[in-house]
Structures are given as C-alpha cells and as structure tokens.
Amino acid sequence: MKRSKFLSIFLSAVAIAGLASCNKGKTSSDSTKLEDTLNIIGGCEEPYLKAVSEAFAKKYNVKVNYQRKSAGEITSTVEGEGGTPSSDVLFGGTTDPYNALKADKLLEQYTSVNDGNITDSKFKDPDHYWYGIYKGILGFMWNKAKLQELGLTAPTSWADLITDKYRSADGKTGYITWSHPSTAGTAKLTVNTIVQLKADGKKVKYDNEGTQTEAYDDTAAMQYFKDLHKNIAEYTKSGSGASKKVGSGECVVGIGFLHDVIYQMKDMKYGDKIGIGVPSEGTAFEVGATAILKNCKHPNLAKKFIDFALTPECVELGAANGSYQFLVLDSKTGVKQPKEAIDAGLNEVKTINYDFDDAKVNTPHYIEDWMTNVKVAAPQK
C-alpha cells in the first residue's frame, strides 16, 4: 500500500515536471511560443520609437533592441543584408521603403489579427506586407524673426518657393531648407507631389530595365526642382531636419511634415518663433507603416509586434512622446487623435488626390530623374 502511494506521488511529480518543461519559455495568448528578443528598425522619431519598444518589451517580458534610421538608410540596410536581416520588424517612416522592399521580396506577408482595425484601403498593403499606423501632412515652416529680418513674407504656395525672393540679392545664398530625396522619405513624398501636380494627369512611357513602363510626365516637375535648387540653403539627410533648425533660426523657411514642427513649437518651446502653413495648390500626406522582414530571426514575436502596433495602446504613444501625426486606426477602436494636430488645424488641410499606386511603382524613376537634373550628392550626416 505504501509502495503504491509512493508510486502515485512519484508519477504525479513526473507529470507536473513534464508540464512545466512543456510550458517553459514565453508564450502568447494563443499558446504560440515566443522568442526572447525583438530587433526593430524605426523610421519615426526616436522618442516615439523608444516608447513603443519599451511598451512592447514590458507587455511580453522580452528584450527589445531598436535603432532609428532615415528612409534611405532603412532601404539600403535591409537590401544590403540580402534576405538575412539583422532586425525583425520595421516601425514608422513613409511607405516608400516598404514598397521598395516588398518589390524586392524582403518583407514577410502577414495578416494581423487586428487587420480589421484599419478599414481604409489606403492605409494597408492589399497583400498584407505592411500596415499603416499614422499619416503626416506635408507643408511649410518658417522662423518669424528671420523672415522679418530679411524683409520676406511667408510662402503660401509651391509656386512661391521658386521665386527669387527666397535667395540673397547676389543669388549665392538660398533661404530654404529641404531634405534630400535619396535619403529622406519626406523628400520622396515632396517629389511625387510636385510631379503629380505639374503633370496634370499626363503620362508617358519610359524604359525600366528593358520593359516599357508608364509614369507621369515629370518634365515640368524637374524644371521646378532645378529652380527650387537655386533657393536651397541646405539638403538635410532626415526629413525632420528643417523642423529641428527652424526654431533656432538656422532654417529660415523649411519644407517638411507639420507634425514635426508642432513638436518643436510645443515640446521644444519654440511656439512663438515658428509659423506653419500649407501650399494653396494642395499638399500630400505620408503613411507611416510597420512590417515584418523576410527571414527574420524572431518571427513569432514579430507577428505579435504587428498586432500590438495596430492598437490604440501602441499608436497613442506617438502624441505622448512628441509625434503628433493623425492615426489611421478606425474610430471604432476608440483611438484618440492628437489634440495638438487638431488645434493646429491640420485636420482641415487641403490635400491632393495623391496617386499612391503610381508612387509605389515610379518613385525610383522620379528620384533618378531628380538626381540627373539637380546633381546634388546626398548629405552624409
């Protein structure tokens, strides 16, 4: 009897030990075993990226490493790794690198359990290679004191920017700061916007690696950028470069995303020194996205991150950390739009009927034409 009781206790202990062994390691709510580490490349501003990384790390009790890069750096980094990525996911930044990486088969297709949180088709890839998380309005910014000192008025249109008033009398010094199209998604969006405005719907065929491809006629746009170049003081590596310099007066007039300027006005206390506006012809907006890299080392945790990114819990960390983009989750999720952007009137901005499909295919073509016509090397820092 004692032997039988001892055997029963022994077998129970073995069963418990076996169950503990089976459950060892982190698991998700659906019992999928999760890895211990996630590596993120972010295209949004670093405070937002840091907050999202820390929140996800705490939620799943894992280690999260992150690095912030410009759109061009994201593309070159992932393409340079040739399908064996050192990172697992991308978070933030315009969709230009995402579409380029999708075309190169360097993104992982994934339909998130929170797919239904985004109902507008503009804000997610139709094949589920990336999801949108926010949108940012492209516009103008200026230092009020510098404009007054130079006797200038603020720009109100794209056409204003190429007038000779935005350069010195001797023509040697420009007063406009803009990012470089080869490195910044902000500048790529600007190029596409001007191309679409100037083409007025006209398309032409061009040779794309031996095949005939249709794109907007960018002849007028390239002349615009050659004229704009005469007024450029500096091409920055990052799209937020102008916004970071406008409050201090290092930038007189800048082109960039207006949520970046709101950060400088509110968080950096430059509110009374900076003016913002949008071009009367209309402007465009970026879609900031997130995606999984093909053949990443931590695929299960990467999927959980995409699920997390499509929740108010994640995206509302933007406004809490100085990123005031409008959020693209459906209102049914209860997501709260940033009050700062609404107070600045960004919800009433006139936007063009931006051709996202053309941008997906032809952005490299337009950037190549820009480089040929403007002939300015990318900044190194």
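Just a few scattered comments:
- Residue within region 220-242 that is over 20 Å from the mean Cα position of the chain (by Cα), without any contact (Cβ under 8 Å) to a residue 40 or more places away in the chain and under 19 Å from ILE352 (Cβ atoms) present: yes
- Here is the figure for region 61-99: residues that are closer than 24 Å to PHE285 by Cα, of a type in the set (Lys, Arg) and open to solvent by 60 Å² or more (accessible area, probe 1.4 Å) total 1.
- Region 123-162 - residue that is β-branched (Val, Ile, Thr) and in contact (Cβ under 8 Å) with a residue 24 or more places away in the chain and, of those, surrounded by the most Cβ atoms within 10 Å (Cβ to Cβ): ILE133
- Residue that is touching a strand residue (DSSP E or B) at 6+ places or on another chain (Cβ under 7 Å), at positive phi and buried (at least 16 other Cβ atoms within 10 Å of the Cβ), where the choices are GLY288, GLY282, GLY322, GLY318: GLY282
- No other residue among CYS314, CYS296 is more than 17 Å from the chain's Cα centre (by Cα) and either in a helix (DSSP H, G or I) or more than 12 Å from ILE133 (Cα to Cα) (or both) apart from CYS296.
- Within region 100-116, considering residues that are in contact with a strand residue (DSSP E or B) (Cβ under 9 Å, 6 or more places away or on another chain) and either part of a helix (DSSP H, G or I) or open to solvent by 30 Å² or more (accessible area, probe 1.4 Å) (or both), the one nearest to GLY72 (Cα to Cα): LEU101
- Verdict on ALA309 being among the aliphatic types (A, V, I, L, M), touching a residue at least 60 places away in the same chain (Cβ under 8 Å) and over 30 Å from ALA233 (Cβ atoms): yes
- Selection status of GLU73, more than 16 Å from PRO299 (Cβ to Cβ) and either part of a loop (DSSP other than H, G, I, E, B) or more than 16 Å from the chain's Cα centre (by Cα) (or both): no
- Applying the criterion of being touching a residue at least 12 places away in the same chain (Cβ under 8 Å) and of a type in the set (A, V, I, L, M) to the residues of region 367-381, the residue that is most open to solvent (accessible area, probe 1.4 Å) is MET371.
- Taking strands (runs of 3 or more DSSP E) as the structural unit, those lying wholly within region 165-270 and holding at least 2 residues that are open to solvent by less than 30 Å² (accessible area, probe 1.4 Å) correspond to 176-179, 211-216, 232-236, 253-257.
- Pair list, Cβ < 8 Å and 6+ apart or interchain, from region 44-58 residues that are in contact (Cβ under 8 Å) with a residue 60 or more places away in the chain to residues that are surrounded by fewer than 17 Cβ atoms within 10 Å (Cβ to Cβ): ALA51/ALA320; ALA55/GLU313
- Selection status of VAL287, more than 19 Å from LYS50 (Cβ to Cβ), among the aliphatic types (A, V, I, L, M) and over 19 Å from the mean Cα position of the chain (by Cα): no
- Hits in region 76-99 - residues which are under 13 Å from ALA291 (Cβ atoms) and assigned to a loop (DSSP other than H, G, I, E, B): PRO85, SER87, ASP88, THR95
- Selection within region 338-366 - assigned to a helix (DSSP H, G or I) and open to solvent by less than 20 Å² (accessible area, probe 1.4 Å): ALA341, LEU346, ASP358, ALA359, ASN362, THR363, TYR366
The values are calculated or read from the model by the stated rules, or taken from the named source; none is laboratory data. The structure presented is a predicted model; accordingly, all values stated were derived computationally and were not measured. In this analysis, Cβ positions are derived from the backbone assuming ideal geometry, glycine residues included, and neighbour counts consider all displayed protein chains. Just the protein is used for accessible areas: all its heavy atoms, side chains included, with ligands, DNA and RNA removed. Shrake-Rupley method; radii C 1.70, N 1.55, O 1.52, S 1.80 Å.
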